[in-house]
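Data block below; observations after.
The values are calculated or read from the model by the stated rules, or taken from the named source; none is laboratory data. Not measured: the values here are computed from a predicted model. Cβ atoms come from the backbone with ideal geometry, glycine included; neighbour counts cover every protein chain shown. With ligands, DNA and RNA removed, areas are computed over all heavy atoms of the protein, side chains included. Shrake-Rupley method; radii C 1.70, N 1.55, O 1.52, S 1.80 Å.
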Amino acid sequence: MEKLLVQTELCDGCKDCEKACEGVHGVSRITIHDLDGSYYPIRCQQCEDAPCEIICPTGAMTNLGVNPEKCIACGFCAISCPFGAIKIEAGNAHKCNHCAGREEGPACVQACSKRAIEVSDCNDIIARKQKAHIEKMAGLGKKPKAKSFLSVITSDTRAKKSFEE
């Protein structure tokens, strides 16, 4: 399953993603929030058991988007969203659908000059994390390398210096 992932430490709050999304959809489906100089993009997480889909009285809401013909803009979806990612504007609910059907992919990913937003497959991320963990665990049983003469002298010098201060 593909997800839009955001590396918040790379986001500089430029809001190019918001502008690009609004340009494609008319309403930005991503919102950047500034909290003490750090920026946090809010967008739909495409929940598997989406609360917005469960509560929608007309069946307009799916975990991958909104059917505008069925939507009555009641707002129940926005209230039930645990991420606050659904907007009610212009008589419809709006939420990210990864720019489904757009050949170029998500507009926000293309617009982000810092490459803070990317589309990633969850299974690939899990596999990478498992590999890194296995490599770390495999290294625990190995004997530490013998210290070189230079590192012994350097650490001894640092220790003496800290005692003198």
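Scan the stretch 46-105 for residues that are touching a strand residue (DSSP E or B) at 6+ places or on another chain (Cβ under 8 Å), surrounded by 15 or more Cβ atoms within 10 Å (Cβ to Cβ), without any contact (Cβ under 8 Å) to a residue 40 or more places away in the chain and within 21 Å of residue 119 (Cα to Cα) and the total you get is 2.
Against the conditions (1) closer than 12 Å to residue 112 by Cβ; (2) open to solvent by less than 50 Å² (accessible area, probe 1.4 Å); (3) within 13 Å of the chain's Cα centre (by Cα); (4) of a type outside the set (D, E, K, R), residue 20 satisfies every one except (3). Residues that are within 16 Å of residue 31 (Cβ to Cβ) and aliphatic (A, V, I, L, M) were ranked within the stretch 91-108; the one that is nearest to the chain's Cα centre (by Cα) is 107.
The helices (runs of 4 or more DSSP H) found wholly in the stretch 47-165 and carrying at least 1 residues that are within 24 Å of residue 13 (Cβ to Cβ) and at pLDDT 90 or above occupy 76-80, 107-111.
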